[in-house]
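To start, the structure itself, in structure tokens.
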Amino acid sequence: MRLFPALVLGVPMIAQTLSPYQERAERFLQLVNPSYQSLTAIQQEALWAASTNVKPENDAAAEWSSKAAAAFNGNPFLIKEARELLQHRAELKPITVRELQRVLFNAADAPMTNPQLTGRRIAMETRQASTQNGFTFKLDGKTISANGLDKILEESKDLSERQKAWTASKENGPVLRDGLIQLRDLRNGCAQELGYKDFFALQAAKHGLTSEEMLKLHRDFLTVLKPLYLQLHTWAKYELAKKYQQPVPKALPAHWINNRWSQDWTGMVDGVNFDAFVNKEKGWTSEKIVKTAENFFLSIGFSKLPESFWQKSDLYPVSPGETRKKNSHASCWHIDLDQDVRSLMSVEPNFQWFSTAHHELGHGYYQLAYSNPAVPPLLRDSATTAFHEAMAELVSLATRQVPYMKATGVLPADYKADPIQVLLAEALETAIPFMFWGSGTMTEWEADFYAGNMPADQMNTRWWKLVRDIQGVEPPSPRSEAFCDPATKTHINDAPGYYFNYNIAFVLKFQFHDYICKNILKQDPHAANYAGNKEVGKYLRTWLEKGATEDWRKLLKDATGEELNTRAMAEYFAPLTKWLEKQNKGRQVGW
Ligand SMILES: [Zn+2]
């Protein structure tokens, strides 16, 4: 039992003198916090039902509960009061300031200070989503799915067939173009309702940064990684020229790469196929995969998942004969902003799910960690959106380490792989081109689009200038303004100003991994095993438990001693840079 010191001494607690603004803020937040939490729970429960059992009545319930949550979060009274109180931030506690800022960010999507504008934005978002989802791609006059086009780009060695598939994949751009231009004004308008210059400024403010600071952050990432990217780019263009029996180009033709946007460069390394080890024949079941993931966390000192996780999650594919349809995208949900954490997956016994299950539980353990009395519901979230993905990705990275996989019986004890080939595949498929795409092209284009008054007749020209300058990629044939290639990227339409979170998360992942390997495990970051080390769990909890109560820069500095930067990522791939320099000796580097 715990006794409060004041009661033990038998004297009344000395009332702290609070500023009148602090008192007013506390009264206000006593209203907002519980309402926010219960509306979130109702909305999440309805969205969960709609995702795990897709049918019209569940969709309708989800829509109404979302409207109820938006009506509360965007309420003009809340916006006015939070803004007024924030004008006296010097007299408020830092955590109170953060709660009030969160009230405003929650309002930003649907500010009811201008219901007409908000209504138009919601209607336009819905229309754009349905145009996007309903678009039918055609190849040689025949209907083909986006997956079908991707398959051609993954498998075909015939350049004219590849070019046709690549060109077909860009045909939804023109039909999405006008909607995107209208959405720019509506999104900027909603951000301006909250006092931000534009929509990009609002997104940067969620990280406590100005637009210029956000752009500088990403440019600095790329400056450090550029020598490695140049080497990878050179190696890739020589490899692909050989594969397609073409002269070596300066920039990479977009249709030579398997991904429609050149965001990751897969299929170039006959690397490592872990699926050969995680399958039914080797004794793996879906249940065993999820239990192995939970065991990872138990072994580093976290508690068991709550019983409700196992009762309420939807972890496996719909059984044969069941007519229910469920969303196939893996996710982890924080239903009540407390202990009701659930995961939606369709785990099957293969390596992809082995890694994904660890990733999703990474989100789940983060959610459970910040659901503690020191964190008010408004701040039960990661330090920034990027931190959630960083934690989940960190766990994925830890569980792809060969020593961990040997310890869990995934790999046989005598397993050996060429470490440079593993690193090369990792760099190409998951890390380095992705940075130049996300931190580069995507972020620069969106900043220009929302904040830079990009003329509507320059959208495609500016896009391709960025792709060429930053990624070193060019289209197979000229792309005039009759096309709108940025709009072919889903996130540009439905998750605007958000993509850079993935890039920040990747940078963070390497920083945390580097810190853990060097300072706690004292192991090589390329061959580490977190499992069984309780100090790792203790370390993770020091920052997971804070949720969003502290500025992310302080949290990162306290946790790693460093600012956000790509040093750890560059160091991780340093052996690869050396190897590539040897391979590329005498070759034409750059574009
Ligand atoms: Zn995730």
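Sorted from greatest to least, the principal axis extents spanned by the alpha carbons of the range 20-113 come out as 50, 22, 16 Å.
The modelled label-to-label distance between S130 and V224, using points 7 Å beyond Cα along the C-beta direction, is 4.6 nm.
With a cut-off of 15 Å between beta carbons, the residues surrounding K406 carry a summed charge of +1, where Lys and Arg count +1 and Asp and Glu -1.
For A123 and K557, compute 0.36 nm times the residue count separating them, minus their Cα-Cα distance, and round to one decimal in nm. Walk me through the numbers on the way to the answer.
Details: separation 434, 0.36 × 434 = 156.24 nm, distance 4.21 nm.
Using 0.36 nm per residue and subtracting the Cα-Cα distance, I get 152.0 nm.
Between the DSSP loop rule and a limit of at most 10 other Cβ atoms within 10 Å, which trypsin sites (Lys or Arg not before Pro) in the range 141-224 are left?
Working: sites: K142, K151, K157, R162, K164, K170, R177, R184, R187, K197, K206, K216, R219; in loops: K157, K170, K197, K206.
Sites meeting the loop and neighbour criteria: K157.
Treating only the Cβ atoms of Lys and Arg (+1) and Asp and Glu (-1) as charged, compute the dipole magnitude of the range 30-182 about its Cα centre; round to the nearest 20 debye.
On the way: 19 positive and 18 negative charges, 69 e Å.
Result for the range 30-182 is approximately 340 debye, rounded to the nearest 20.
Using the Kirkwood radius built from alpha carbon pairs, what does the Stokes-Einstein equation give as D for the range 230-301 at 37 °C and 0.692 mPa s, in µm² per second? D = 208 µm²/s.
Between Q246 and D457, the C-beta separation translates, for a Förster distance of 30 Å, into a calculated FRET efficiency of about 0.35.
For K142, the lysines whose Cα comes closer than 29 Å to its Cα, not counting residues fewer than 8 places off in the same chain, are K151, K157, K164, K170, K243, K325, K326, K489.
May I ask you to compute the full-extension gain from S308 to E84, defined as 0.36 nm times their residue separation minus their alpha-carbon distance, rounded to one decimal in nm? Could the numbers behind the result be given before it?
Numbers: separation 224, 0.36 × 224 = 80.64 nm, distance 4.08 nm.
Full-extension gain reported as 76.6 nm.
Excluding same-chain neighbours fewer than eight residues apart, the aspartates and glutamates reachable from K237 by a Cα-Cα span under 17 Å are E154, D158, D264, D270, E429, D469, E474, E581. Loop-located trypsin sites (Lys or Arg not before Pro) in the range 355-438 (DSSP state other than H, G, I, E, B) with a sparse environment of at most 10 neighbouring Cβ atoms within 10 Å: K416. Rounded to 0.05, the FRET efficiency of the K465 and N565 pair, given R0 = 30 Å and the Cβ-Cβ distance, is 0.65.
The label point for E581 and the one for Y316, both projected 7 Å from the Cα toward the Cβ, are 5.3 nm apart. Roughly how many nanometres apart are two label points built 7 Å out from the Cα toward the Cβ at N147 and D275? With each label placed 7 Å out from Cα toward Cβ, I get 1.3 nm.
If neighbour count is taken as other Cβ atoms inside 10 Å, put H334, H388 in order from fewest to most. It would help to have the intermediate numbers written out before the result.
Details: H334 23, H388 20.
Going from sparsest to densest Cβ surroundings: H388, H334.
Among E84, E429, E281, the order by Cβ neighbours within 10 angstrom, fewest to most, reads E281, E84, E429.
Quotient of the Cα radius of gyration of the chain and 2.2 N^0.38 Å, N being its number of residues: 1.01. Of the residues P349, A427, N493, the one whose Cα sits farthest towards the positive end of the charge dipole of the chain is A427 (charges of +1 on Lys and Arg Cβ, -1 on Asp and Glu Cβ, taken about the Cα centre).
Explain nothing, just the number: dipole magnitude of the range 20-113 about its Cα centre with +1 on each Lys and Arg Cβ and -1 on each Asp and Glu Cβ, in debye rounded to the nearest 20.
Values: 10 positive and 11 negative charges, 58 e Å.
Using only the charged Cβ atoms, the result is roughly 280 debye.
What the Cβ-Cβ distance of W64 and S19 gives, at R0 = 51 Å and to the nearest 0.05, is a FRET efficiency of 0.80.
The numbers here are math on the coordinates, done by the rules we state, and not lab data. What you see is a predicted model; the values in this text were computed from it and never measured. Please note: Cβ atoms are built from the backbone with ideal geometry, for glycine as well, and neighbour counts cover all protein chains shown.
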